[in-house]
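Right, one structure below, let's go through it.
The values are calculated or read from the model by the stated rules, or taken from the named source; none is laboratory data. Since the structure is predicted, the reported quantities are computational estimates derived from the model, not experimental observations. Quick reminder, even Gly has a Cβ in these numbers, built from the backbone with ideal geometry, and neighbours come from all protein chains shown. Protein only, heavy atoms only, side chains kept; ligands, DNA and RNA dropped before computing areas. Shrake-Rupley method; radii C 1.70, N 1.55, O 1.52, S 1.80 Å.
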Amino acid sequence: MNIAVFCSGNGSNFQAIADSIKRGEIPAKIALMVCDNPEAFALQRAKTERIKSLLVERKNFRSKAEFEAEIIRNLKRENVGLICLAGFMRLVSPAFIKKYPNKILNIHPALLPAFKGTSGIKDALDYGVKVTGVTVHFVDAEMDHGPIILQQAVKINDDDTEESLAGRIHQIEHSLYPRAIKLFLEGKIKIEQRKARQLK
Ligand code: GRF
């Protein structure tokens, strides 16, 4: 299946997915990397991996609808059947989600529903929880909300800094996201209302 990965920054999850595909672990091809930030290192990674990338900047479009229409045009051209948001710093609209129902995944650096939003690692540290983690979930119209596919816990140590904790969280992300994508592609996830059950 052709998949697309959406990034805005470093793209380490994009890299992890590409590496996992190269190792033959995921039956897919990254047909397109979509990026909304010209400074993103993810663009360099795509070049190195010889993966096609689409740079779309919101400021170059009159409306969010036109911005998304350009993305959708490209996804269709590449025959994309699964979208993986990986550090994409924009909310996709309900209209976009309707075009790809239960075909958009996201990775979040906390154990949802705790610490939603763009600073999940710092928020967990500041709150003083002893355990946080990583969540891979389907995207629905609410932010960081759709059915959860996989979660993995990460312990917080008393001497953790945002950097040290982020390092361990990213490490988990890089194995958890490919695993979730594999489950999806093998048809092993069944959605029942807000629950994503794993089939044997
Ligand atoms: C990850 O921590 C992910 O959970 C969050 O954004 C970050 C993206 O990192 N959604 P990268 O660009 O994949 O390195």
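Annotations
- Failed condition for ALA42, given (1) in a helix (DSSP H, G or I); (2) without any contact (Cβ under 8 Å) to a residue 24 or more places away in the chain; (3) within 28 Å of LEU125 (Cα to Cα): (2)
- Residue that is out of contact with any Gly (no Cβ under 6 Å at 6 or more places or on another chain) and under 21 Å from VAL92 (Cα atoms), where the choices are ALA16, ALA40, ALA46, ALA31: ALA31
- Among the criteria (1) under 21 Å from CYS35 (Cβ atoms); (2) within 11 Å of the ligand (Cβ to nearest atom), the one THR135 does not fulfil is (1).
- Check on LEU85, within 14 Å of the ligand (Cβ to nearest atom), under 26 Å from ILE169 (Cβ atoms) and open to solvent by 20 Å² or more (accessible area, probe 1.4 Å): no
- Sole residue being without any contact (Cβ under 8 Å) to a residue 40 or more places away in the chain and either exposed (fewer than 14 other Cβ atoms within 10 Å of the Cβ) or aliphatic (A, V, I, L, M) (or both), chosen from LYS103, LYS76, LYS99: LYS76
- Search result, residues across segment 92-110 that are outside any strand (DSSP E or B) and within 12 Å of the ligand (Cβ to nearest atom): PRO109, ALA110
- Among the residues of segment 1-11, those identified as crowded, with 19+ Cβ neighbours inside 10 Å and within 12 Å of the ligand (Cβ to nearest atom) are VAL5, PHE6, CYS7, GLY11.
- Failed criterion for THR132 (all others in (1) open to solvent by less than 10 Å² (accessible area, probe 1.4 Å); (2) closer than 28 Å to LEU55 by Cβ hold): (2)
- Every pair of residues 6+ apart whose Cβ atoms lie under 8 Å, when the first sits in segment 156-173 and is free of Cβ contacts under 8 Å to residues at least 60 places away in the same chain while the second is assigned to a loop (DSSP other than H, G, I, E, B) and within 11 Å of the ligand (Cβ to nearest atom): ALA166/PRO109
- Residue tally, condition within 12 Å of the ligand (Cβ to nearest atom) and either hydrophobic (A, V, I, L, M, F, W, C) or open to solvent by less than 10 Å² (accessible area, probe 1.4 Å) (or both), over segment 12-45: 10
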